[in-house]
Amino acid sequence: MKKPSISKRLKYSFDNLMSKGVMSPMILLLIISTFAIILIALIVFYTGVIPDNSNILGLRNSKDIKFYDVLWLILVRTLDGGVIAQDPVNYIYVGYMLLATLGGIVIVSIFIGIVSTGVISKMDDLRKGRSFVVEKNHTVILGWSFQVFNIISELVVANENQKNAVIAILADKDKLEMEDEIRSKVGDTANTKVICRTGNPIDLRDLEIINPHQSKAIIITAPDSDEPDSNVIKTILAITNNPHRKVLPDKYHIVAEIRNPRNMAIAQIAGRDEVQLVVFDYLISRITAQTCRQPGLSVVFTELLDFKGDEIYFQPEPRLTGKTFVETLFAYENSAVIGLRRSDGRIYLKPPMNTIIEEGDILIAISEDDDTVILSGIKDYNIDSSAIRKSPKYIPPKPESTLILGWNRRAPLIINELDNYVWPGSKITVVADHPTAEKDLSIFCGEITHQTITFWQGDTTNRKILDELNVIDYDHIIVLSQAELTDVQSADARTLNTLLQIRDLADKQPHTFSIVSEMLDDRNRELAEITHTDDFIVSVKLDSLMLAQIAENKELKTVFELLFSAGGPAIYIKPAEYYVELGRPVNFYTIMESARQQNQIAIGYKLQKSKPRYEGPNLLAHGVSVNPVKSNQLFFSEGDKIIVLSDEVQIG
């Protein structure tokens, strides 16, 4: 093989040098410029072409000029071409000066070009989002999905009372695109600075850009892909097994979203005690199952999960040490105590009323903010004992019928969860055109004991099928979003189509039943209001809210798990007549005392929507009020409900 020529070798070396960035050509230019200036200075100095009596450099005799004087002379003409106009008329001398001036023009032009290229290159790098994030105690979001906007919105609200709050996002997406979408869908982020960086969260080098090792919390969202959980698990490993990770015993606070419950175990192994997992399907299925039987419940959950209004806080109160838990319930005018965290870290929701508050214990309360959990000092609660009523001691069992329209991977979980609440003899009908729906029912719902399942193959947007179902025969209707559709708006459009037709059927044949639906995009909630649906489950938003809450306080994960699981303390919505006499003004302390006598904790109420009292500044959607001011007078009538925290599984 013929060896490369010297010219090719030189060209190859030059190309490699020029490709190394801005500094290499600048150093090469500096070397060439220095060599050229010295060479011309040597020629001028030793040829003696500088004319006498020219007063160059202030010297009358050219023989008095030293080499460094000539060097300065050439350098000045290299940098400033106009100086040559002051030189004496000596063609040889002027020729050398002209050569230096022309060389200077070339050198300066190349220098400007290199600097310009370097600046443009740096601007491109900044646009690509590849610069290091020097922030500390910031919240990191890894991955990009529709949940990101809700998470940012919630963290912005949570950071309202903090200075220099920062959210840093790393995703395999163009930085400018991320920033544009955040501006359009989140809007003003107030005092929270949002930083976007482009990179792959599972790449160790890209991960370093976001500076996760000095963050206060890391949120990992499941991407919109065929295997979202695998990316989440890889990202957890990239953080926990990073060679630059935090030095133990310092630990990361990682909150990760897992879509498929079957992947929870491996994700827990990957993150160990440094990760808090939110299993998306479990969360949504449990809330859906509970809400379909208690319209308005999702409003309560949303209120507790978002940072607007009232949420759950952990608050120490040494002045209550030695008191019983029931005394703490009445000690706060503007907060609702629901649990206790012992000094050893154990968390209890609705512990026994006679539990003694010990030193180091922390109360768990629903309040507007952490600084509003303040002892009221009220001694007289003005409890109207004569207005207190009790729920029936025995409620005859009544089988229920549930209709599920549509199908997604959460449907079997919802059916299994419903089995924990309904009476034996209940029935459930599933209508879907999903190819594997019937098979999935036989595989994943074969052990239910309280319900019998009937499956119909069909399109839920087909009016003929809905007519044949005779929807008025059902107590509860659940409309599932076809989450497998890649377009969120298309999935919600199908849901709205089904809801409109169900409501039209119900209006023609008046019948009281609850309708619960999933909405992937929270903006479609307002559109869905025209269907008069009793309640809504906004899947993406609820998941995002929980991720944001646990990122702020990891202990909330245990609280939410207790609230959303069957068999433990849970939130129920019960008729107001089970607690107080209707048509009689009472304060909320009276309702709390009535609930206490039934071993429950009252945390709010729900007014019947059709009544004029539905409108009010303290009411949420569907007439729900969580954590009302306890001394205010209330007036309940038929159809109103009380929201309580109770141990019972069956709903009265």
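The values are calculated or read from the model by the stated rules, or taken from the named source; none is laboratory data. Being a predicted model, the structure only gives us computed values, none of them experimental. No Cβ is skipped: glycine too gets one built from the backbone with ideal geometry, and neighbour counts run over all protein chains shown.
Going through TRP423, TRP407 one at a time, which residue ends up being closer than 24 Å to GLY458 by Cβ and part of a loop (DSSP other than H, G, I, E, B)?
On the way: TRP423 fails: closer than 24 Å to GLY458 by Cβ.
TRP407 is the lone residue from the list that is closer than 24 Å to GLY458 by Cβ and part of a loop (DSSP other than H, G, I, E, B).
As for the range 396-407, it holds at least one residue that is surrounded by fewer than 13 Cβ atoms within 10 Å (Cβ to Cβ) and either β-branched (Val, Ile, Thr) or within 29 Å of SER625 (Cβ to Cβ) (or both).
Does SER481 satisfy the condition of being within 25 Å of the chain's Cα centre (by Cα) and modelled with pLDDT of 85 or more? Considered against the rule, which asks whether it is within 25 Å of the chain's Cα centre (by Cα) and modelled with pLDDT of 85 or more, SER481 comes out as yes. Of all residues in the range 159-168, those satisfying the criterion of being free of Cβ contacts under 8 Å to residues at least 40 places away in the same chain and among the hydrophobic types (A, V, I, L, M, F, W, C) are ALA165, VAL166, ILE167.
Would you mind stating whether ALA222 is within 16 Å of the chain's Cα centre (by Cα) and either surrounded by fewer than 23 Cβ atoms within 10 Å (Cβ to Cβ) or among the hydrophobic types (A, V, I, L, M, F, W, C) (or both)? Reasoning before the result, please.
Working: within 16 Å of the chain's Cα centre (by Cα): yes; either surrounded by fewer than 23 Cβ atoms within 10 Å (Cβ to Cβ) or among the hydrophobic types (A, V, I, L, M, F, W, C) (or both): yes.
Judged against the criteria, ALA222 is a match.
With respect to the conditions (1) closer than 22 Å to MET592 by Cα; (2) surrounded by fewer than 20 Cβ atoms within 10 Å (Cβ to Cβ), LEU329 lacks only one, and its number is (2).
List the helices (runs of 4 or more DSSP H) that sit entirely inside the range 529-608 and contain at least 2 residues that are within 30 Å of GLN633 (Cβ to Cβ) and in contact (Cβ under 8 Å) with a residue 24 or more places away in the chain.
Details: elements: 539-552, 556-564, 588-597.
Because the criterion is at least 2 residues that are within 30 Å of GLN633 (Cβ to Cβ) and in contact (Cβ under 8 Å) with a residue 24 or more places away in the chain, the helices (runs of 4 or more DSSP H) in the range 529-608 that meet it are 588-597.
Taking the conditions exactly as written (under 36 Å from the mean Cα position of the chain (by Cα) and within 19 Å of SER298 (Cα to Cα)), does LEU520 satisfy them or not? Even if it seems obvious, please write down each step before you answer.
Values: under 36 Å from the mean Cα position of the chain (by Cα): yes; within 19 Å of SER298 (Cα to Cα): yes.
Yes; evaluated as a whole, the condition is true for this residue.
In the range 6-26, the residue that is modelled with the lowest pLDDT out of those that are surrounded by fewer than 11 Cβ atoms within 10 Å (Cβ to Cβ) and assigned to a helix (DSSP H, G or I) is ASP15.
For the range 179-194, give me each residue that is in a loop (DSSP other than H, G, I, E, B), under 14 Å from ILE151 (Cα atoms) and in contact (Cβ under 8 Å) with a residue 12 or more places away in the chain. Scanning the range 179-194 gives VAL186, THR189.
For the range 169-185: of the residues being in contact with a helix residue (DSSP H, G or I) (Cβ under 8 Å, 6 or more places away or on another chain) and buried (at least 18 other Cβ atoms within 10 Å of the Cβ), which is modelled with the lowest pLDDT? Only one residue tops the list, namely LYS175. Taken over the range 151-178, residues that are part of a helix (DSSP H, G or I) and either more than 30 Å from ASP369 (Cα to Cα) or over 15 Å from the mean Cα position of the chain (by Cα) (or both) amount to 4. Among the residues of the range 237-277, those identified as farther than 15 Å from ALA551 by Cα, assigned to a loop (DSSP other than H, G, I, E, B) and touching a residue at least 12 places away in the same chain (Cβ under 8 Å) are ASN242, PRO243, HIS244, ARG245, LYS246, ARG259, ASN260. Is there a residue being surrounded by fewer than 21 Cβ atoms within 10 Å (Cβ to Cβ), in contact (Cβ under 8 Å) with a residue 60 or more places away in the chain, among the hydroxyl-bearing types (Ser, Thr, Tyr) and in the same structural domain as THR192 (by TED's automatic domain parsing) anywhere in the range 115-130? No, the conditions are met nowhere in the range 115-130.
Residue count for the range 105-148 under the criterion of being modelled with pLDDT under 85, in a loop (DSSP other than H, G, I, E, B) and hydroxyl-bearing (Ser, Thr, Tyr): the result is 1. Residues in the range 209-227 that are in contact (Cβ under 8 Å) with a residue 60 or more places away in the chain and in contact with a Phe, Trp or Tyr (Cβ under 9 Å, 6 or more places away or on another chain): ILE209, ILE210, ASN211, PRO212, SER215, ALA217, ILE218, THR221, ALA222, PRO223, ASP224. Taken over the range 186-202, the criterion of being surrounded by 15 or more Cβ atoms within 10 Å (Cβ to Cβ) and not β-branched (Val, Ile, Thr) is satisfied by CYS196, ARG197, GLY199, ASN200, PRO201. Scanning the range 365-404 for residues that are in a loop (DSSP other than H, G, I, E, B) and in contact with a helix residue (DSSP H, G or I) (Cβ under 9 Å, 6 or more places away or on another chain) turns up LEU375, ILE378, TYR381, ASN382, ILE383, ASP384, ARG389, LYS390, SER391, PRO392, GLU400.
For the range 281-352, list the strands (runs of 3 or more DSSP E) that sit wholly inside it and hold at least 2 residues that are farther than 14 Å from LEU645 by Cβ, under 27 Å from the mean Cα position of the chain (by Cα) and at pLDDT 90 or above; which are they?
Values: elements: 311-316, 336-341, 347-349.
Answer list for the range 281-352: 311-316.
Condition check ((1) buried (at least 20 other Cβ atoms within 10 Å of the Cβ); (2) in contact with an Asp or Glu (Cβ under 7 Å, 6 or more places away or on another chain); (3) at pLDDT 90 or above) across all residues:
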site: ALA548; (1), (2), (3): yes, yes, yes
site: LEU563; (1), (2), (3): yes, no, no
site: ALA570; (1), (2), (3): yes, no, no
site: LYS574; (1), (2), (3): yes, no, yes
site: ARG584; (1), (2), (3): no, no, yes
site: GLN597; (1), (2), (3): no, no, yes
site: ILE603; (1), (2), (3): yes, no, yes
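Looking only at residues in the range 442-472 that are among the acidic types (Asp, Glu) and part of a loop (DSSP other than H, G, I, E, B), the one that is surrounded by the most Cβ atoms within 10 Å (Cβ to Cβ) is ASP459. Return yes when GLU359 is surrounded by 12 or more Cβ atoms within 10 Å (Cβ to Cβ) and not assigned by TED's automatic domain parsing to the domain that holds GLN451 and no when it is not. Judged against the criteria, GLU359 is not a match.
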